[in-house]
Amino acid sequence: MTIPFSRRRFLGGLTALAMLSHAPLLAAQSAPIRRPIPSTGERLPAIGMGTWRTFNVGSDPGLLDQRADVLERFFREGGTLVDSSPMYGSAEAVMGRLLERLQREGTVFAATKIWTSDEGATRGEAAHSRELWGIDQFDLLQVHNLLGLDGHLPTLRAMKAEGQVRYLGVTTSHGRRHGDLEQLMKREPLDFVQLTYNVLDREAEARLLPLAQDKGIAVIVNRPFQGGRLFDRFASRPLPDWAGEAGVTNWAEYFLKFIISHPAVTCAIPATTRVDHMQENMGALYGALPDPALRRRMIDELG
Amino acid sequence: MDYALRDFLMFTPEVYLRLFMRLNEAFWPWQLLFPFALLALAGLLSLPQGRARRLALSVLGVGWILTALLFLQRYYEPIHWGMAYAVWAFLAEAILLAVLAWRVTPARVPLGIGLIGSAMVMALSMAGAVSAGTVEAMGWPGLTPDATALLTVLALLTVPWKPRCVLLVVPVLWLLFSGLTQWALELRATLVPPAVGLGVALWGLWPGTRKRPRPKR
Ligand SMILES: NC(=O)c1ccc[n+]([C@@H]2O[C@H](COP(=O)([O-])OP(=O)(O)OC[C@H]3O[C@@H](n4cnc5c(N)ncnc54)[C@H](OP(=O)(O)O)[C@@H]3O)[C@@H](O)[C@H]2O)c1
């Protein structure tokens, strides 16, 4: 019996060997960190993306091409949740154009907001946003900064019952109106809340995050880099030598893994205009996460 | 968790500067006429005939209309919903300038002074080019808002104090808004035209400048 042997097979065997030697790395790389949405159990990649400022490029052809690369990198690295708002200028329209161009309408977990003080305009605004995004249904509609909440929330609930939206939620940022948010979370059945939480701004840890866990509400974390300020302040420093233990290889992972390692957090939504930054940010979706002791160290390091 | 001015910014500096580049690309080569329009303005304001000087105000009004419909509506509004209101304010200023041209005759300005003013506005129109590092980002007076507002503030020094105050409202509000925007964008060069415009406006609003200039009919 002759064993068929060719150069191609030989090279193939070598590749397999090389892959085996990287097996643990590959395993880690191929399993994005996902978190269940408590109200359904659907699992969401723990890093999503924001679009405030970064995707407001209007109809600029050059910038549309560039942002298409950023968005494609996000999806290719395992991301799904994109957060926007009618408040963000052209960001929703841009997202619609790019999703169509990249044929990613089926990949995206589309989250936008209702941003109007006209409490009767919920359905109209959602329909307009749907048109801009070019999708049949939003996965998540959030009341932006609790604006017009009393009118929008009942309508959103009705829309959810009619199958027009899958989840509903509310947003705050910069630590504003945490008291109101807390009351709301106690009172209303919400699928999601969005709030600001990062290694320096940790007010949410005291009451809101435990309450979300208790009530089974998914948490989206905005401003994970304090709008970029965390990089301005800390990125020139070397990473601490224990960073590897926390699964961290750069500052973006440091900031993001701190956030998503909190057990109440479902997803952080960093925003970027750059493909290389997107690549760094998506690194936080893979590998080890810091345990509570390391999380403490992460705070102390920057304190 | 404090707010900073930059937290209110809706777009990045690159997107902002590219608005000017895209407008210049689309409008080319018509903007080359604008320096001549500036010279014509200086010329008109220097003429003894009151009608010529009134015409200068109407020419300025055309600049506000062009700026509203081209730069603000077509380029700026898609990235800033607030521009929908600015478009109306700019059109209102154009109407006010037309009314002013009908009712008031500007004071005569020596040609040399007018030319210095025009040269200053042209020089400051280069601010965007300095910030972007390319002449394509230049903000022409009569086509883009900061340079148009600056030119108008200068021209309004030729009209009596009361109507001047009314006509200064829109340019001053714009220059304030734009100055804050440049500040938040951390663009230094483009901060200069709003700063100069506001300085001149402040001087023009000062009651001490009330009596001057006496319009000659
Ligand atoms: N009330 C609300 O509902 C609310 C309020 C605030 C935010 N949000 C949402 O949350 C999202 C995130 O917040 P945010 O956009 O304010 O701030 P952020 O994500 O904390 O920071 C964004 C900034 O970080 C920089 N950045 C990103 N990745 C980086 C990296 N790897 N290295 C260095 N710099 C990096 C970006 O600059 P580059 O472009 O240069 O990368 C950008 O300037 C928003 O986009 C929005 O969707 C919602």
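The values are calculated or read from the model by the stated rules, or taken from the named source; none is laboratory data. Everything quoted here is computed from the prediction, not taken from an experiment. Note: ideal-geometry Cβ built from the backbone for every residue, glycine included; neighbour counts use all protein chains shown. Just the protein is used for accessible areas: all its heavy atoms, side chains included, with ligands, DNA and RNA removed. Shrake-Rupley method; radii C 1.70, N 1.55, O 1.52, S 1.80 Å.
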GNM of chain A, Cα pairs under 10 angstrom: of A:T272, A:T171, A:T54, the biggest fluctuation goes to A:T54
Lys and Arg at +1, Asp and Glu at -1: neighbours of B:Q31 with Cβ under 14 Å from its Cβ sum to -1
Given backbone amide H placed at 1.01 Å from N, residues whose amide H is under 5 Å from that of A:T196, ignoring those fewer than 5 places away on the same chain, are A:H174, A:G175, A:N222
Nearest 10, in degrees from 0 to 90: the angle of helix B:145-156 to the longest Cα principal axis of chain B is 20 degrees
In deg cm²/dmol, rounded to the nearest 500, the helical mean residue ellipticity at 222 nm of chain B, built from -39500 (n - 2.57) for every DSSP H run of length 4 or more, is -20500 deg cm²/dmol
Asserting the computed 222 nm helical MRE of chain A (DSSP H runs at least 4 long, -39500 (n - 2.57) per run, divided by residue count, to nearest 500) equals -13000 deg cm²/dmol
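With all protein chains present and a 1.4 Å probe, how do B:C165, A:C267 order by accessible area, largest first?
Numbers: B:C165 35, A:C267 0 Å².
The most accessible residue leads, giving B:C165, A:C267.
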Contact-by-burial set, region A:49-63, min loss 50 Å², accessible area of protein heavy atoms with 1.4 Å probe, reference chain alone, gives A:W52, A:R53, A:N56, A:D60, A:L63
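Out of all DSSP beta bridges in region A:61-181, what portion is antiparallel? Express it as a percent rounded to 5. Provide the component values of the computation, followed by the final result.
Numbers: 0 of 12 bridges.
If we restrict to bridges inside region A:61-181, about 0 percent are antiparallel.
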Counting only DSSP beta bridges with both partners in the protein assembly as shown, the antiparallel fraction in percent, to the nearest 5, comes to 10 percent
Taking 0.36 nm per residue of separation between A:D241 and A:R176 and subtracting their Cα-Cα distance, the length gained on full extension comes to 19.9 nm
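Tell me, what is the per residue accessible area of chain A in Å², probe radius 1.4 Å? List each step's numbers first, then the result.
Numbers: 13200 Å² over 303 residues.
With the other protein chains kept in place, chain A gives 44 Å² per residue.
Given a Förster distance of 60 angstrom, what is the FRET efficiency for A:Q183 paired with B:V135, based on the Cβ-Cβ distance and rounded to 0.05?
On the way: r = 56 Å, r/R0 = 0.94.
Result of the calculation: an efficiency of 0.60.
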Helix B:13-27: inclination vs chain B longest Cα principal axis, degrees, rounded to 10, gives 60 degrees
Residues from region B:69-97 losing no less than 10 square angstrom of accessible surface in the full protein assembly compared with the chain alone, 1.4 angstrom probe, ligands and nucleic acids excluded, are B:P78, B:I79, B:W81
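Rounded to the nearest 0.05, what FRET efficiency is calculated for A:D276 and B:F8 with R0 set to 45 Å and r the Cβ-Cβ distance? Walk me through the numbers on the way to the answer.
Details: r = 27 Å, r/R0 = 0.60.
E between A:D276 and B:F8, to the nearest 0.05, is 0.95.
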Rounded to the nearest 10, the angle in degrees between the Cα long axis of helix B:50-66 and the longest principal axis of the Cα atoms of chain B comes to 10 degrees
Share of accessible surface on carbon and sulfur in region A:43-302, whole %, 1.4 Å probe and ligands ignored, is 46 percent
Site B:A184, offset 7 angstrom along Cα→Cβ, radius 14 Å on amide nitrogen, limited to region A:167-186, gives none
Listed residues A:P36, A:P292, A:P270; largest mean-square fluctuation, Gaussian network over chain A with Cα springs below 10 Å, found at A:P292
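Nothing charged except the Cβ atoms of Lys and Arg (+1) and of Asp and Glu (-1): what's the magnitude of the dipole of the protein assembly as shown about its Cα centre? Round to the nearest 20 debye.
Values: 53 positive and 44 negative charges, 414 e Å.
The dipole magnitude comes to about 2000 debye.
In region A:89-189, which trypsin sites (Lys or Arg not before Pro) are in a loop and have at most 15 other Cβ atoms within 10 Å, using DSSP for the loop call? Intermediate values should be presented prior to the final figure.
Numbers: sites: A:R97, A:R101, A:R104, A:K113, A:R123, A:R130, A:R157, A:K160, A:R166, A:R176, A:R177, A:K186, A:R187; in loops: A:R104, A:R176, A:R177.
Within region A:89-189, the qualifying trypsin sites (Lys or Arg not before Pro) (loop, at most 15 other Cβ atoms within 10 Å) are A:R176.
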Check: C-alpha center region A:102-160 vs C-alpha center region B:1-64, spacing in Å is 38 Å
Under a Gaussian network model of chain B whose springs join Cα atoms within less than 10 Å, the largest fluctuation of B:G179, B:G63, B:G199 belongs to B:G199
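Within the protein assembly as shown, how many Lys pairs sit with Cα atoms under 18 Å apart, leaving out pairs fewer than 8 places apart on the same chain?
Working: A:K113/A:K160; A:K186/A:K215; B:K162/B:K211; B:K162/B:K216.
Value for the protein assembly as shown: 4.
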Losing no less than 40 Å² of accessible area (probe 1.4 Å) relative to the isolated chain, the residues of region B:15-36 are B:V15, B:R18, B:R22
Ignoring ligands and nucleic acids, chains A and B bury, in total, an accessible area (1.4 Å probe) to the nearest 100 Å² of about 2000 Å²
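Count the DSSP beta bridges whose two residues both fall in chain A, then state the antiparallel fraction as a percent rounded to the nearest 5.
Numbers: 3 of 28 bridges.
So the antiparallel bridges in chain A amount to around 10 percent.
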